Amino acid sequence: MTGERRMPRIVVVGSVNMDLVLRCTVIARPGETLTGRDLQEHFGGKGANQAVAAARLGAEVWLIGRVGADGFGDSLLQGVQSAGVRTDYVQRSAGASGVAVIQVEDSGQNSIVVIPGANGCVTAADVLVAADVIRSADVLLVQFEVPLEAVETAVGMAAAAGVTVIVDPAPARREVPAAILSADWLVPNETEAEVLTGSAVHDRAAAVRVVRQLRDLGAKRALVTMGADGVLLADTADRLLVAEPFRVRAVDTTAAGDAFAGALAYALAGGVSESEAVRIACAAGAVTTTRHGAQSAVPCGEEVRQLMQQQPEAGYLRICTD
């Protein structure tokens, strides 16, 4: 999708989890007991999901993180490696790998509880070991399922080297170092944006206020993903831009945000325009919602191209006049 040039080089610092997925008619409320349909194991973790998303689209990807010394750790490493992700800097920790317990209801909506395990052991030293590969990357992509000390170290190193930094602030945290929030791209969903700013994203007008608040926090570009309502972007000139979503039949939104972030990293690393990069990311996220699982749901480049061809008007950024 980016023409004939060298493979985009991306480094992802983040989590590697085994996802235990519970399928049910509706998500259980506090105090409620429901009977689900089945339980499945999927390779997951926001870092690993995003790395796989970028690799499947054609990027050269390094993952920095940790897995446990358990059977899950062996499987998780094999999973990302089979997608073409480099795991030279994924270390093993004593004890358990990270686990996420996910309820997915028939509408496709989900709720997730993450047990960090080895992900909680990722350190700044782990990042420093990979200094050369970070400095030579086109894009660094980070999230918050590993300690912020490691994230901040990676962001500072990349920024100093002129590497584009994308921050996916998930899971949401109220207190985030300014150095992380001043990324080239800050890409929360509605919930994460609300935690960062204290303002709810309940409609387009509210989203406009929130992306401006995110820019005030230091982000060069603030983009809020709003699911079926598309995305809203405040760019470096503080213009407000909106992209309407691709229309698909969603069955599971678990890894849609990760596919979006990984595809955005891939596209920006490949040198396309910001508008085209957002469109590719929107298409990748949309395809991901049409099937179950995390890494198993992330699309390849041909699937993304097909959706973009089928819906030629969707996903493009335009000036927001709402």
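The values are calculated or read from the model by the stated rules, or taken from the named source; none is laboratory data. What you see is a predicted model; the values in this text were computed from it and never measured. Cβ: placed from backbone, ideal geometry, glycine included. Neighbour counts: every protein chain shown. Just the protein is used for accessible areas: all its heavy atoms, side chains included, with ligands, DNA and RNA removed. Shrake-Rupley method; radii C 1.70, N 1.55, O 1.52, S 1.80 Å.
Below, the figures for the structure above:
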read-out: The stretch 249-266, residues that are touching a Ser or Thr at 6+ places or on another chain (Cβ under 7 Å) and either at pLDDT below 95 or among the small types (Gly, Ala, Ser) (or both); value: ARG249, ALA250, VAL251, ASP252, THR253, ALA255, ALA256, GLY257, ALA259
read-out: Residues satisfying the stated conditions in the stretch 168-186, i.e. crowded, with 17+ Cβ neighbours inside 10 Å, in contact with a helix residue (DSSP H, G or I) (Cβ under 6 Å, 6 or more places away or on another chain) and hydrophobic (A, V, I, L, M, F, W, C); value: ALA170, ILE180, LEU186
read-out: Residues of the stretch 296-306 satisfying the condition of being open to solvent by 10 Å² or more (accessible area, probe 1.4 Å) and assigned to a helix (DSSP H, G or I); value: SER296, GLU302, GLU303, ARG305, GLN306
read-out: Hits in the stretch 153-180 (condition: under 17 Å from the mean Cα position of the chain (by Cα) and in a helix (DSSP H, G or I)); value: ALA154, VAL155, ILE180
read-out: Single residue of GLY230, GLY218 found to be open to solvent by less than 10 Å² (accessible area, probe 1.4 Å), at positive phi and in contact with a strand residue (DSSP E or B) (Cβ under 9 Å, 6 or more places away or on another chain); value: GLY230
read-out: In the stretch 64-73, residue surrounded by the fewest Cβ atoms within 10 Å (Cβ to Cβ) [restricted to those that are of a type outside the set (Val, Ile, Thr) and under 28 Å from ARG9 (Cα atoms)]; value: PHE72
read-out: Residue count, the stretch 34-51 (criterion: farther than 13 Å from ASP19 by Cβ, aliphatic (A, V, I, L, M) and under 24 Å from the mean Cα position of the chain (by Cα)); value: 1
read-out: Residues located in the stretch 48-77, provided they are in contact with a helix residue (DSSP H, G or I) (Cβ under 8 Å, 6 or more places away or on another chain) and not hydrophobic (A, V, I, L, M, F, W, C); value: ASN49, GLN50, ARG56, GLY58, GLY65, ARG66, GLY68, GLY73
read-out: Residue check, VAL165 at pLDDT 95 or above and of a type in the set (Val, Ile, Thr); value: yes
read-out: Residues satisfying the stated conditions in the stretch 250-270, i.e. open to solvent by 20 Å² or more (accessible area, probe 1.4 Å) and over 20 Å from GLU145 (Cβ atoms); value: ALA250, VAL251, LEU268
read-out: Evaluation of THR289 against (1) farther than 30 Å from LEU39 by Cβ; (2) buried (at least 17 other Cβ atoms within 10 Å of the Cβ) (one fails), failing number; value: (1)
read-out: The one condition in (1) closer than 24 Å to ALA131 by Cβ; (2) modelled with pLDDT of 90 or more that PHE72 fails to fulfil; value: (1)
read-out: Some residue of the stretch 116-134 being open to solvent by 40 Å² or more (accessible area, probe 1.4 Å), within 30 Å of ARG37 (Cβ to Cβ) and either aromatic (Phe, Trp, Tyr) or not in a helix (DSSP H, G or I) (or both); value: yes
read-out: Filter result (under 25 Å from ARG56 (Cβ atoms), in contact (Cβ under 8 Å) with a residue 60 or more places away in the chain and open to solvent by 40 Å² or more (accessible area, probe 1.4 Å)) within the stretch 234-249; value: GLU244, ARG247
read-out: Selection from the stretch 78-98 of residues that are in a loop (DSSP other than H, G, I, E, B), touching a helix residue (DSSP H, G or I) at 6+ places or on another chain (Cβ under 8 Å) and within 15 Å of PRO116 (Cα to Cα); value: GLY95, ALA96, SER97
read-out: Some residue of the stretch 38-61 being at pLDDT 95 or above and surrounded by fewer than 24 Cβ atoms within 10 Å (Cβ to Cβ); value: yes
read-out: Qualifying positions in the stretch 74-114 - of a type in the set (Val, Ile, Thr), in contact (Cβ under 8 Å) with a residue 24 or more places away in the chain, open to solvent by 10 Å² or more (accessible area, probe 1.4 Å) and more than 18 Å from TRP62 (Cα to Cα); value: VAL99, VAL101, ILE112, VAL114
read-out: Test result for THR253, under 14 Å from the mean Cα position of the chain (by Cα), β-branched (Val, Ile, Thr) and not in a helix (DSSP H, G or I); value: yes
